[in-house]
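Below is one structure, written out as structure tokens; comments come after it.
The values are calculated or read from the model by the stated rules, or taken from the named source; none is laboratory data. Computed from a prediction, not measured in an experiment: that's the story for all the values here. A quick note on method: Cβ atoms are made from the backbone with ideal geometry, for glycine too, and the neighbour counts reach across all protein chains shown.
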Amino acid sequence: MQSNISHYICKFELNNMAPMTVGVILDNMDDQWKTWSTIFLMSGSLTIFANILFLFFASAERQDFDYLKGEKKDQSLTNKQIRKIIITQMSRKRSIS
């Protein structure tokens with residue numbers, strides 16, 4: 001099993017930060033409609049911001065921290081090998097249909 005830090009960060013945020021933030025907002029505002037609208041807008045804004053960051057900094061290349069202990073970097077598939085696998089699988093699906 002691989003240990004990716006992003007899993008733990010997301011788990012911490014979803015399990016701890018989100019309920020605390022909602023609780024603080026609900027305790028400090030009187031109007032229920034306005035309160036839940038604020039929570040929805042904050043959630044949507046955070047999601048849009050995270051997606052924009054992802055679009056700017058994302059890469060399709062496998063990163064160094066993703067390799068298992070003892071696994072060599074040259075064991076990953078090249079783009080040419082991936083295309084060959086995809087074409088093979090697509091042709092198999094067509095022949096089955």
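What the table shows:
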| item | result |
| --- | --- |
| Answer from L55, L77, L68 - the residue that is assigned to a helix (DSSP H, G or I), among the hydrophobic types (A, V, I, L, M, F, W, C) and either at pLDDT 80 or above or within 23 Å of the chain's Cα centre (by Cα) (or both) | L55 |
| Residue in segment 11-66 that is surrounded by the fewest Cβ atoms within 10 Å (Cβ to Cβ), counting only those that are among the charged types (D, E, K, R) and more than 30 Å from T78 (Cα to Cα) | D30 |
